[in-house]
């Protein structure tokens with residue numbers, strides 16, 4: 001893999017299911033279980049993060065979704081970085 005392979009895009013409906021799956025895989029790996037009641041935003045990522053002050057990005061390598069990340073405005077100059085996930089096979093690599 002060379003450093004130009006990773007392409008980042010704003011989330012679209014096309015990748016919504018893959019993004020949800022990647023995030024949930026990360027939760028399962030980290031915590032050993034998934035509490036779906038804590039993650040209602042994952043049921044409609046595109047709609048949730050299309051709101052004013054929010055942005056959900058995905059990273060693709062050869063059309064395969066390999067990472068996600070969202071920014072949401074909390075207040076004033078404060079934003080929250082969330083929903084960061086990287087597919088296990090792509091962690092600790094230069095992109």
(request) Would you look at the GNM of the chain, springs on alpha carbons closer than 10 Å, and say which of 28, 71, 42 moves the most? (result) 28
(message) Let's test the formula: R0 of 22 Å, r as the Cβ-Cβ distance of residue 28 and residue 8. What FRET efficiency results, to the nearest 0.05?
(response) 0.35
(request) Would you mind checking the range 8-28 for residues with the amide N under 16 Å from a putative spin-label position 7 Å along Cα→C-beta of residue 37? (result) none
(request) Jot down the radius of gyration and Dmax of the chain, Cα atoms only, both in angstrom. (result) 13.6, 40
(message) Using only DSSP helix segments of four residues or longer, with each worth -39500 (n - 2.57), what per-residue ellipticity at 222 nm results for the chain after dividing by its residue count and rounding to 500?
(response) -7500 deg cm²/dmol
(message) Using a Gaussian network model on the chain with a 10 Å cutoff between Cα atoms, which of 78, 46, 68 fluctuates the most?
(response) 78
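None of the figures in this text is laboratory data; all of them are computed from the coordinates on show. This one's a predicted model, so the numbers in the text were calculated from it and none came from an experiment. Glycine gets a Cβ as well: all are built from the backbone with ideal geometry, and neighbour counts include every protein chain shown.
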